[in-house]
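A short reminder: the numbers here are calculations on the coordinates, not readings from a lab. None of these values were measured; they are calculated from a predicted model. Cβ: placed from backbone, ideal geometry, glycine included. Neighbour counts: every protein chain shown.
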Amino acid sequence: MTPSDLLGAARELIARPDAATAGVWPRTAAFLARQAIEQSIASIWKAQADTADLGSCTMRSQLTCLASYIDAETAAQVAYTWAALSGACHYHRYELAPTATELTSWINDADQLIVRLP
């Protein structure tokens, strides 16, 4: 699936929750959006021979290196959105799952950022 397909699937989960996805759709939507960002970053590394090995590093390391290959503001926004989605993917005993509004905002941010990535 392409990053756009992943974001579309995340939006679909938010728009049409059903009994089969009750309780898991918020984290699943966050995971799909985060995966879209990760795929877009991976395509940046694969585009150049000298950065191909960066794809095997941790995502935090990749996000740190990203500012060297794209403008710093976009890199910071990508890192922030990825971190927000990453936090939403994990179950925390005393935290609520993200709301549909929060997820929609992060998905929209991810969509705009993916368009801006080379």
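Quick notes
- Estimated purely from DSSP H runs of n ≥ 4, each contributing -39500 (n - 2.57), the mean residue ellipticity at 222 nm for the chain is -22000 deg cm²/dmol once divided by its residues.
- At most 15 other Cβ within 10 Å, DSSP loop - GluC sites (Glu not before Pro), the stretch 18-118: GLU95
- Distance from the C-alpha centroid of the stretch 80-118 to that of the stretch 46-72: 21 Å, rounded to the whole angstrom.
- Within the stretch 4-112, chymotrypsin sites (Phe, Trp or Tyr not before Pro) in DSSP loop having at most 14 other beta-carbon neighbours inside 10 Å: TYR91, TYR94
- Projecting the Cα positions of MET1, LEU96, THR28 onto the charge dipole of the stretch 1-106 (unit charges on Cβ atoms of Lys, Arg, Asp and Glu, taken about the Cα centre) puts LEU96 furthest along the positive direction.
- Assuming charge only on the beta carbon of Lys and Arg (+1) and of Asp and Glu (-1), the dipole of the chain about its Cα centre is about 240 debye to the nearest 20.
- Count Lys and Arg as plus one, Asp and Glu as minus one, and take only other residues whose Cβ is under 11 Å from that of LEU32; the net charge is then 0.
- Charged neighbours of ALA83, selected by a Cβ distance under 10 Å, balance to +2 (K, R count +1; D, E count -1).
- Label separation (ALA72 vs ALA42): 3.0 nm, computed from points 7 Å beyond Cα along the C-beta direction.
- Per residue convex hull volume, Cα atoms of the chain, in Å³: 106 Å³
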